[in-house]
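Below is one structure; the comments refer to it alone.
The values are calculated or read from the model by the stated rules, or taken from the named source; none is laboratory data. Remember, predicted model here, so these are calculated numbers, not experimental data. No Cβ is skipped: glycine too gets one built from the backbone with ideal geometry, and neighbour counts run over all protein chains shown. With ligands, DNA and RNA removed, areas are computed over all heavy atoms of the protein, side chains included. Shrake-Rupley method; radii C 1.70, N 1.55, O 1.52, S 1.80 Å.
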Protein chains: 6
Amino acid sequence: MQPNRYEQGLAKLREIDGEAGQRVVDCLADIAPDFARYLIEFPFGDIYSRPGLDLKSHKIAVVAALTALGNAAPQLQVHIQGALNVGVTQGEIVEVIMQMAVYAGFPAALNGLSTAREVFAAVASMQSAAAVERA
Amino acid sequence: MQPNRYEQGLAKLREIDGEAGQRVVDCLADIAPDFARYLIEFPFGDIYSRPGLDLKSHKIAVVAALTALGNAAPQLQVHIQGALNVGVTQGEIVEVIMQMAVYAGFPAALNGLSTAREVFAAVASMQSAAAVERA
Amino acid sequence: MQPNRYEQGLAKLREIDGEAGQRVVDCLADIAPDFARYLIEFPFGDIYSRPGLDLKSHKIAVVAALTALGNAAPQLQVHIQGALNVGVTQGEIVEVIMQMAVYAGFPAALNGLSTAREVFAAVASMQSAAAVERA
Amino acid sequence: MQPNRYEQGLAKLREIDGEAGQRVVDCLADIAPDFARYLIEFPFGDIYSRPGLDLKSHKIAVVAALTALGNAAPQLQVHIQGALNVGVTQGEIVEVIMQMAVYAGFPAALNGLSTAREVFAAVASMQSAAAVERA
Amino acid sequence: MQPNRYEQGLAKLREIDGEAGQRVVDCLADIAPDFARYLIEFPFGDIYSRPGLDLKSHKIAVVAALTALGNAAPQLQVHIQGALNVGVTQGEIVEVIMQMAVYAGFPAALNGLSTAREVFAAVASMQSAAAVERA
Amino acid sequence: MQPNRYEQGLAKLREIDGEAGQRVVDCLADIAPDFARYLIEFPFGDIYSRPGLDLKSHKIAVVAALTALGNAAPQLQVHIQGALNVGVTQGEIVEVIMQMAVYAGFPAALNGLSTAREVFAAVASMQSAAAVERA
């Protein structure tokens, strides 16, 4: 019998992608609820729960791949946020995306940087809001 | 005045990709020698010489991207060898490629694993040849 | 002499893609009217008029391909509507798109589902408007 | 607790892709045995075991997608054979691939037809060998 | 010692892509200023400054490639404008994009034409504004 | 009534791609003869017979696009030969392919150069054979 991939995957999804991951799952509820389950079970329950690669390296790999493919901006946004969540710095994310100019061309890197700028701005704006609240 | 990007890039190319990198450069000598120079100067002299990302993360990013793009098997081969050269383990390379099934589909991951198997076999065969020689 | 591919193609375009197909053709009128003609003649007059594959299978093939390619959202929208027009059910469309997670990755499938949700919502809203009108 | 996805997937893999599917799994045994398990569990145990789409339509979708993506010839070969196994005719496969000229260009369709010709030739040669044996 | 690639590239960028090129560079100032420098030095300082291909042919090549890749609409926009700047006519641009239907499929060509229409409309509107001003 | 696209296309195919084009058509004879007809009629009869773009620019566009897409080596080979046939020089072809490093990455350009080298070598070997024969 298999371990409970769903519970394990859901915990991983929350750890890594936080609210953004949950929103992806919620969006699938009406149109393809089984797909939400697969998304939790296979990428998060199976792949991200493997011990062979640290989470930072996982996130570097996915930011690189989605930047190179260049046709999945909403997912790149989620994973840049996720990379920040697991400790990849903004500077490292920029380095990974810049490097993709070599492997997938300058337009792919430029569009990746543009997505990163949006995520970094949202983070900064949440942080100032939180700072105001604390004051 | 710019630093000597060519010398710096050539040293980086040799450090990372070793003989395989040199072979790529040699192949360009007759048809596009300037392109060999650009290859040394921009990816290696500019990008890989930046301090913001360690070489292991650089190599994880490029193995991920080339596996996901799925149309550059010769380059993936060079970079898997390069990843081994800078200390990424075979197990970590396999993890990165497997993860691409999530982002670029199972065929991309299967073809990436197939390229990795070839590189790993070549490494093993060189290692046994070296062991025999030492005996 | 060739059969009248234009007339045959235009009839096919209207049968399959309805108003959405006509809008694509209209949009080309100012910038590339010959391309509108080619679009009617080759895909619709030649390919879709062939007897060897039923229209449902044609539409399943194109929804799969455009989801997998992941860089043609406006066309995927037209073809999901077209698939509904020729009798593919919403459930079958969701299955085809979900399956693409295996062959082109989860981001491609997620973006395909997102496009499908928009088309299904537009259909539902037209149906309620029609129901109100009839009441 | 989840149903036994592995057993269900393995049966599905054998039903659809026969020996070619088994060969893909065997090839993974040394380098990434867990990936062989995921391949059986997710695409075959989860996706292909769903009741919402008949196997012929599943195979039409995957032949279309792999032809359009154009970077997974070994997998296209397996799935063309699989399509024949579940009752898609050679003529229908040719129609699906030809149609991809519209959505992914003539080179993608030409390369898909070239893969199909190889599979059809292998089938014909196995059939004549079997006929000789029976005689 | 290398020639001053930055100065040469910046002059080329201004000659070819005008204000649109400058805007791309400005956008990178906060997030990745080094990447702005690479963009000026490698594509413009190295590649576009080579004498072996006239600027019109360069622009035809890049409009073709970005239309075919289909995942870089913002860059296609800049390069269609750049093509007009170096003397490619609107009619020639339309021909190049239409031709991509053959090599990358009708959706890629349709989306390319849609981007071209936006650029041509912006040009027309700037020209009427200038005409009014002169009157 | 339409002009005879087939005759016009066949003449164009022979003018541009010579024997290599004829071989592509011959290869389709057994598996998809209608597709051979479409290939002659649409790309050659319709697109290449248009007066709005000279043949050299057409070939530059297609060499650029196929290099950038990176998944159609056999077609790139035919079109590099075709580019030579209509007067694009080897040097210009190399420039176009090198430029693709900027838009689609270094691996795409490297693989394109590798295909060009094969075509140029075949041309050189045919030319020496012809020189020997004349001697």
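Confirm whether F:VAL102 is facing another protein chain (nearest Cβ under 7 Å) and more than 22 Å from D:LEU113 (Cα to Cα). Taking the combined requirement at face value, the residue satisfies it.
For segment F:3-32, a tally of residues being within 27 Å of C:ASP34 (Cβ to Cβ), more than 13 Å from the chain's Cα centre (by Cα) and open to solvent by 50 Å² or more (accessible area, probe 1.4 Å) returns 6. Annotation: F:HIS58 fulfils all but one of (1) touching a Gly at 6+ places or on another chain (Cβ under 8 Å); (2) closer than 21 Å to E:ALA64 by Cα; (3) not aliphatic (A, V, I, L, M); the unmet one is (1).
Filter segment B:105-119 down to residues that are under 12 Å from B:GLN77 (Cα atoms) and facing another protein chain (nearest Cβ under 7 Å), then give me how many there are.
Of all residues in segment B:105-119, those under 12 Å from B:GLN77 (Cα atoms) come to B:111-119.
Now drop any that are not facing another protein chain (nearest Cβ under 7 Å), which leaves B:111, B:113, B:116-117.
Of the residues in segment B:105-119, 4 are under 12 Å from B:GLN77 (Cα atoms) and facing another protein chain (nearest Cβ under 7 Å).
Number of residues in segment F:33-51 that are surrounded by fewer than 15 Cβ atoms within 10 Å (Cβ to Cβ) and over 24 Å from E:GLU95 (Cα atoms): the value is 1. Are any residues in segment E:45-85 of a type in the set (Gly, Ala, Ser) and more than 12 Å from E:ASN111 (Cβ to Cβ), and if so, which ones? Answer for segment E:45-85, where residues must be of a type in the set (Gly, Ala, Ser) and more than 12 Å from E:ASN111 (Cβ to Cβ): E:GLY45, E:SER49, E:GLY52, E:SER57, E:ALA61, E:ALA64, E:ALA65, E:GLY82, E:ALA83.
Within segment F:91-102, restricting attention to residues that are of a type outside the set (Val, Ile, Thr) and open to solvent by 10 Å² or more (accessible area, probe 1.4 Å), which residue is farthest from E:TYR48 (Cα to Cα)? Give the steps one after another, and end with the answer.
Going residue by residue through segment F:91-102, those that are of a type outside the set (Val, Ile, Thr) are F:91-92, F:95, F:98-101.
Pick out the ones that are also open to solvent by 10 Å² or more (accessible area, probe 1.4 Å) and you get F:91-92, F:95.
Values: F:GLY91: 15, F:GLU92: 13, F:GLU95: 10 Å.
Taking the candidates together, the pick is F:GLY91.
Pick from segment C:22-51 the residues that are within 8 Å of chain E (Cβ to nearest Cβ), at pLDDT below 95 and assigned to a helix (DSSP H, G or I): which of them is nearest to D:GLY112 (Cα to Cα)? Step by step, filter segment C:22-51, then rank; the result is C:VAL24.
The number of residues in segment D:61-81 that are away from chain B (no Cβ under 12 Å) and open to solvent by 10 Å² or more (accessible area, probe 1.4 Å) comes to 1. Per the conditions (1) within 7 Å of another protein chain (Cβ to nearest Cβ); (2) open to solvent by less than 10 Å² (accessible area, probe 1.4 Å), the sole criterion not satisfied by B:VAL88 is (1).
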